[in-house]
Amino acid sequence: MRNRDNHRLIAAALKARHRAVAPYSRFRVGAALLTASGRIITGANVESVSYGLTCCAERVALFKALTEGAGRILAVAVVARLTGGPTPCGACRQLLVEYAPRARLLVADSRRPSMVREFTVGGLLPEAFRKLR
Ligand code: THU
């Protein structure tokens, strides 16, 4: 039930977006991950007055999943008020390719959540650096 999963995941990301801590950019982002066991883990962006310390929504969700022993990640949804939806930054792509290499990636504009664009994590970071040896 891929379509149902997609909408469930986008709905969770939309809800998580309300928890964004983005006083500097005011750009609120929500993310939700679907695990193989059907669990959904969410996150939102958290900003710092020392701007470089900011953490993206998808990274917050990924770190939660990893440290909660959530298991394999099948899909990642990211939403923000942005035409076409927010595609992850380079840093998040690197982490996603390391820890969710086969995941589907869904993005949507929070104003048009039924218009979902789908990518793959691997497709967004070709020739990724993966292993030291
Ligand atoms: N941001 C995310 O949370 N995810 C993205 O995919 C792109 C950017 C956040 C970081 C920062 O808090 C704000 O959006 C503006 O860049």
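Tabulated results
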quantity	calculated
Count - residues of segment 16-52 that are more than 10 Å from the ligand (Cβ to nearest atom) and loosely packed, with under 15 Cβ neighbours inside 10 Å	8
Among (1) out of contact with any helix residue (DSSP H, G or I) (no Cβ under 7 Å at 6 or more places or on another chain); (2) in contact (Cβ under 8 Å) with a residue 60 or more places away in the chain; (3) not basic (Lys, Arg) - the single one residue 106 does not satisfy	(1)
Segment 57-98: number of residues that are more than 16 Å from residue 120 (Cβ to Cβ) and among the acidic types (Asp, Glu)	1
Scan of segment 53-66 for residues that are open to solvent by 50 Å² or more (accessible area, probe 1.4 Å) and touching a Ser or Thr at 6+ places or on another chain (Cβ under 9 Å), ordered by number	64
Conditions (1) within 16 Å of residue 120 (Cα to Cα); (2) part of a helix (DSSP H, G or I): number failed by residue 107	(2)
The lone exception for residue 66 - which of (1) without any contact (Cβ under 8 Å) to a residue 60 or more places away in the chain; (2) under 17 Å from residue 109 (Cβ atoms); (3) away from the ligand (no atom under 15 Å from the Cβ) it fails	(2)
Every residue from segment 3-15 that is crowded, with 19+ Cβ neighbours inside 10 Å, within 12 Å of residue 78 (Cβ to Cβ) and away from the ligand (no atom under 12 Å from the Cβ)	9, 10, 12
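Residues checked against (1) over 11 Å from residue 29 (Cβ atoms); (2) at pLDDT below 95; (3) open to solvent by 10 Å² or more (accessible area, probe 1.4 Å):
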{"position": "76", "(1), (2), (3)": "yes, no, no"}
{"position": "79", "(1), (2), (3)": "no, no, no"}
{"position": "82", "(1), (2), (3)": "no, no, yes"}
{"position": "92", "(1), (2), (3)": "no, no, no"}
{"position": "99", "(1), (2), (3)": "yes, no, yes"}
{"position": "102", "(1), (2), (3)": "yes, no, yes"}
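The values are calculated or read from the model by the stated rules, or taken from the named source; none is laboratory data. These figures come from a predicted structure and were not determined experimentally. Virtual Cβ from ideal backbone geometry, glycine too; neighbours counted across all protein chains shown. Areas reflect the complete protein model, heavy atoms only, side chains present, ligands, DNA and RNA absent. Shrake-Rupley method; radii C 1.70, N 1.55, O 1.52, S 1.80 Å.
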